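Visitor: Take a look at this one; I'll ask things after.
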Amino acid sequence: MTDILLINPSSITVQNNPIPFGLAYMASYLEKNGFLVKILDLSVQKINEKQISEYIKELSPKNVGISCMSVHINFVKSLSRKIKENFKGIRVIVGGIHPTALPEKSLKEMKDVDVFVLGEGERTILELMKNTKLEKIKGVAYIKNKKLKINKTREFVENLDELPFPARHLLPDIKNYSLGFDWEGRKPDATIFSSRGCPFNCIYCASKVMWKQRVRFRSAKNVLREIDLLVKEYKVREILFYDDHFLLNKKRLVEICQGLIKRNYDLTWCCLSRVDSVDFETIKLMKKAGCHMISFGVESGSQKILDNMEKNVKVESIIKAFDICKKVGMNTKASFIFGAPGEDYESIKETQNVIKQILPDYIWLFIMTPMPGTKLYKLHEETGIASDDWGMYDQTTYNKFYGTKLNYEKLRKAVAETYKSYYLSPRYIFSQIKKLSVRKIRVYFNLLKRVVYVMNYIKRGRTRNGEDK
């Protein structure tokens, strides 16, 4: 009999599809402690609710654990209700960023869930599997005698090197997962989290909901061991470091780069960073170690909007970072968010001008969404505009905005216009012709498909509840 079946809901993005890290880390931690674990990843295993029920019946697990972001609420409610209706004795456990941010609301809304795991889950799920009394377990929420119970916060795992690598062997073939075409990655590819947390305090970012603005780093030695595993056992040729800010710890970064140079694998990689951590020597070393692309969370080209976001960065730093990357020959991605407090047509124009000036290889545009637990969400709550229509929390369809007179329709059009004017501009096209290669040509075809998708999305529109018209 399986001790626990861990379920990852369907992916909400068409951009990329990494492995479900939270579940994979918990699975390896439980396996290390002698438990039999299975993972059902619905982001790649496309089965319906009836087939899910049949799979649960086949495994007969003692527990079912479900990962839950805000957009997954309806799925979690439906699945947990069906488990309770059709299977006796199965305990339903739900964890993830949504219940961590809103434990009381989750207890009231998802009534068929037996217990919620709040925050970092490895040690908490282990205690649950050992059948420790709930009142003695930190980091859980549950209902007892019709009363809501939220236990003390679970302390973090201070030494991340103590955790086993994520249980990729329990997942479908690694080839089913994708970094997204605009990373220009090779196959097979893989994703690594080499740290947890971010020290910054942007009003829209939910990272601090889970990690409390603390950053914990795995050692360079530990990270390189996971890379060795991926290259030798999974034949990986491309890696994405999915840390919030991979360049934050420069000493560790240098050690990782030196280790990769020494190994001389047929391996390329990419990562995420803030613009204010970029310097010429670091980017030069990264390129030598196989890095070919960095994704920057730029978010806006307007200093007013950056300040309102509490981004703590200057427009000059944005321009400088991209200039350095161009000099080194490092490809770049840039993400932007439209609809922040204070956003108007002038600030959108400033952002469009900065995009054209920094000339990233790819742009990724979002509509401002007040993710639960963030300062922006609290502002929405205080002004009475926070929505419980969780299906809209996908960073593209949310339609209520704080501190701006621009509405959803206007912001949607601004997104479409920005994509169109940038990707069809002669300057962008000529910049990419200089880099032309067979791989680039494939990427451009996928890029064209994405632009067409966005245009159709804008043309089709959305209703107020987030559904297609």
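Visitor: Just one of the numbered conditions (1) without any contact (Cβ under 8 Å) to a residue 40 or more places away in the chain; (2) surrounded by fewer than 21 Cβ atoms within 10 Å (Cβ to Cβ); (3) not polar (S, T, N, Q) is not true of A334; which one?
Guide: For A334, the exception is condition (2).
Residue-wise test of (1) under 22 Å from the mean Cα position of the chain (by Cα); (2) in a helix (DSSP H, G or I).
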position: K232; (1), (2): no, yes
position: H245; (1), (2): yes, no
position: K251; (1), (2): no, yes
position: C257; (1), (2): no, yes
position: D266; (1), (2): no, no
position: V298; (1), (2): yes, no
position: K320; (1), (2): no, yes
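Visitor: Which number in (1) in a strand (DSSP E or B); (2) free of Cβ contacts under 8 Å to residues at least 60 places away in the same chain marks the one condition that M293 misses?
Guide: Result: M293 passes all but (2).
Visitor: Among the residues of segment 33-86, how many are of a type in the set (A, V, I, L, M) and touching a Phe, Trp or Tyr at 6+ places or on another chain (Cβ under 6 Å)?
Guide: Summing the residues that are of a type in the set (A, V, I, L, M) and touching a Phe, Trp or Tyr at 6+ places or on another chain (Cβ under 6 Å) in segment 33-86 gives 2.
Visitor: Please go through segment 192-248 and pick out each residue that is polar (S, T, N, Q), buried (at least 19 other Cβ atoms within 10 Å of the Cβ) and free of Cβ contacts under 8 Å to residues at least 60 places away in the same chain.
Guide: Those that are polar (S, T, N, Q), buried (at least 19 other Cβ atoms within 10 Å of the Cβ) and free of Cβ contacts under 8 Å to residues at least 60 places away in the same chain: S195, S207.
Visitor: If I filter segment 345-362 down to residues being β-branched (V, I, T) and under 17 Å from A321 (Cβ atoms), which single residue comes out as surrounded by the most Cβ atoms within 10 Å (Cβ to Cβ)?
Guide: By that ranking, first place goes to T351.
Visitor: Hey, could you check segment 305-316 for residues that are of a type outside the set (A, V, I, L, M) and surrounded by 17 or more Cβ atoms within 10 Å (Cβ to Cβ) and say which is nearest to the chain's Cα centre (by Cα)?
Guide: Looking at residues that are of a type outside the set (A, V, I, L, M) and surrounded by 17 or more Cβ atoms within 10 Å (Cβ to Cβ), I get K311.
Visitor: Search segment 145-168 for residues being touching a helix residue (DSSP H, G or I) at 6+ places or on another chain (Cβ under 8 Å) and free of Cβ contacts under 8 Å to residues at least 40 places away in the same chain, and hand back the single one that is farthest from G119 (Cα to Cα).
Guide: That would be K149.
Visitor: Okay, moving on. Looking only at segment 386-405, filter to residues that are of a type in the set (V, I, T) and within 25 Å of the chain's Cα centre (by Cα); which one of those is surrounded by the most Cβ atoms within 10 Å (Cβ to Cβ)?
Guide: Ranking the candidates gives T397 first.
Visitor: Taking the residues in segment 119-137 that are in contact (Cβ under 8 Å) with a residue 24 or more places away in the chain and among the charged types (D, E, K, R) as candidates, determine which candidate is nearest to C68 (Cα to Cα).
Guide: Here the residue is E120.
Visitor: Quick check on my filter: what residues within segment 196-227 are within 23 Å of G297 (Cα to Cα) and either part of a helix (DSSP H, G or I) or not assigned by TED's automatic domain parsing to the domain that holds N308 (or both)? Reasoning before the result, please.
Guide: Initial filter on segment 196-227 (within 23 Å of G297 (Cα to Cα)): 196-218.
The answer is S207, K208, V209, M210, W211.
The values are calculated or read from the model by the stated rules, or taken from the named source; none is laboratory data. Just so we're clear, the structure is a prediction, and the values are computed from it rather than from any experiment. Using ideal geometry, Cβ is built from the backbone for each residue, glycine included, and neighbour counts are taken over all protein chains shown.
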